[in-house]
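Here is the structure we will look at.
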Amino acid sequence: MIPQAFAYRRANSVAEAIAILQEDSGAKLLAGGHSLLPLMKMRLANPGTLVDISGVKELRGIQRVGDEIVIGALTTHADVAKHPLIRTHLPALAEAAARIGDLQVRNRGTIGGNLAHADPSSDLPAVALAYDARLTVMGPAGRDVLAAEDFFLGPMVTALPDGQVISSVAVPVPASNTRSAYVKCPHPASGYAVVGVAATVTVAADGTVEHARIGVTGAADCAYRAYQVEEALVGQTASLEIIRQAAQYAAEDGSIGSDVYASEEYRRHLCCVYTERVLRKVLL
């Protein structure tokens with residue numbers, strides 16, 4: 001498979017990348033390349049120009065800034081998975097990043113590229129939803145912040161404006177009485193999520209659920225918040241029966257799809273099963 005002809009330009013800064021994107025409306029950013037290049041080889045994506053931002057050092061790194069952990073958009077999955085701040089405060093993100101693709105993909109693929117690509121079966125969008133992540137984007141008019149909840153619009157469609165660059169992903173540091181986890185049913189060939197569920201749950205001293213965020217990926221045309229599961233949990237005392245009841249709503253907030261591997265009915269079933277599993281991990 002050979003992509004159609006394209007121009008290649010290497011940006012040395014975010015400002016330079018934005019300037020190139022403004023010059024060519026058909027240009028695409030190249031970070032790790034593990035999502036874009038296969039599409040180009042199948043000619044499902046045909047950018048006139050590839051803007052290589054892999055060398056922009058200002059887009060890399062993980063640090064705590066106040067009450068948030070800020071992750072540079074070009075930080076690789078491998079670095080996310082092993083970083084002490086992520087493993088300590090955001091274990092669901094560490095779990096998900098450690099299960100993306102294979103070793104080569106994790107060493108080259110980036111968190112910003114993954115979220116911008118918005119593959120319906122990608123792991124990280126569900127985790128971003130569960131953690132109430134915010135994406136900082138930069139464009140010709142300056143800086144803006146987009147909530148993950150409003151970012152994923154459809155299969156490989158996001159709210160990222162044309163000509164703008166994701167610079168970082170910020171995640172609020174959860175309260176000390178919060179637990180989070182990510183589980184998935186991986187496709188046996190690709191490892192992508194047939195269904196993946198991320199959960200972040202805060203429990204009071206008396207066992208009452210104070211806060212819940214559930215993100216689901218793989219099942220619908222894009223990752224979604226399972227609002228009805230969250231509503232069924234908040235205010236309840238954590239128990240196996242409450243978990244089972246809440247998990248039955250896991251497929252109600254997404255437009256559940258089907259393919260040659262999994263029917264809509266099967267995916268709905270998996271949503272409930274894996275939501276129960278992740279809730280057992282964080283609540284029992």
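Would it be correct to say that Leu124 is within 23 Å of Lys57 (Cα to Cα), touching a Phe, Trp or Tyr at 6+ places or on another chain (Cβ under 7 Å) and surrounded by 18 or more Cβ atoms within 10 Å (Cβ to Cβ)?
Values: within 23 Å of Lys57 (Cα to Cα): yes; touching a Phe, Trp or Tyr at 6+ places or on another chain (Cβ under 7 Å): no; surrounded by 18 or more Cβ atoms within 10 Å (Cβ to Cβ): yes.
When the stated conditions are applied, Leu124 does not pass them.
Would you mind stating whether Val80 is surrounded by 17 or more Cβ atoms within 10 Å (Cβ to Cβ), in contact with a helix residue (DSSP H, G or I) (Cβ under 9 Å, 6 or more places away or on another chain) and in a helix (DSSP H, G or I)?
yes
Please give the number of the condition Gly33 fails out of (1) within 20 Å of the chain's Cα centre (by Cα); (2) part of a strand (DSSP E or B).
Against the list (1) within 20 Å of the chain's Cα centre (by Cα); (2) part of a strand (DSSP E or B), Gly33 comes up short only on (2).
Output the residues belonging to the range 45-82 that are of a type in the set (Gly, Ala, Ser) and touching a strand residue (DSSP E or B) at 6+ places or on another chain (Cβ under 9 Å).
Within the range 45-82, Ala45, Gly48, Ser54, Gly55, Gly61, Gly72, Ala73 meet the criteria.
Tell me whether the range 169-176 contains one or more residues that are surrounded by 13 or more Cβ atoms within 10 Å (Cβ to Cβ), more than 30 Å from Gly207 (Cβ to Cβ) and not acidic (Asp, Glu). Give the derivation first.
Kept after step one, since they are surrounded by 13 or more Cβ atoms within 10 Å (Cβ to Cβ), are these residues of the range 169-176: 169-174.
Going one step further and asking which of them are more than 30 Å from Gly207 (Cβ to Cβ), we end up with 169-170.
In the following step, the residues that additionally are not acidic (Asp, Glu) were identified as 169-170.
The answer is yes, given that some residue of the range 169-176 is surrounded by 13 or more Cβ atoms within 10 Å (Cβ to Cβ), more than 30 Å from Gly207 (Cβ to Cβ) and not acidic (Asp, Glu).
List the strands (runs of 3 or more DSSP E) inside the range 157-222, counting only whole elements, that have at least 1 residues being in contact (Cβ under 8 Å) with a residue 60 or more places away in the chain and more than 20 Å from the chain's Cα centre (by Cα).
193-203, 209-217
Regarding Ala251, is this residue surrounded by fewer than 23 Cβ atoms within 10 Å (Cβ to Cβ) and in contact (Cβ under 8 Å) with a residue 24 or more places away in the chain?
On the way: surrounded by fewer than 23 Cβ atoms within 10 Å (Cβ to Cβ): no; in contact (Cβ under 8 Å) with a residue 24 or more places away in the chain: yes.
So Ala251 fails the test.
Read-outs throughout are calculated quantities, based only on the coordinates presented, and are distinct from any laboratory measurement. None of the values given here were measured: they were computed from a predicted structure. As a convention, Cβ positions derive from the backbone with ideal geometry for all residues, glycine included, and neighbour counts pool all protein chains shown.
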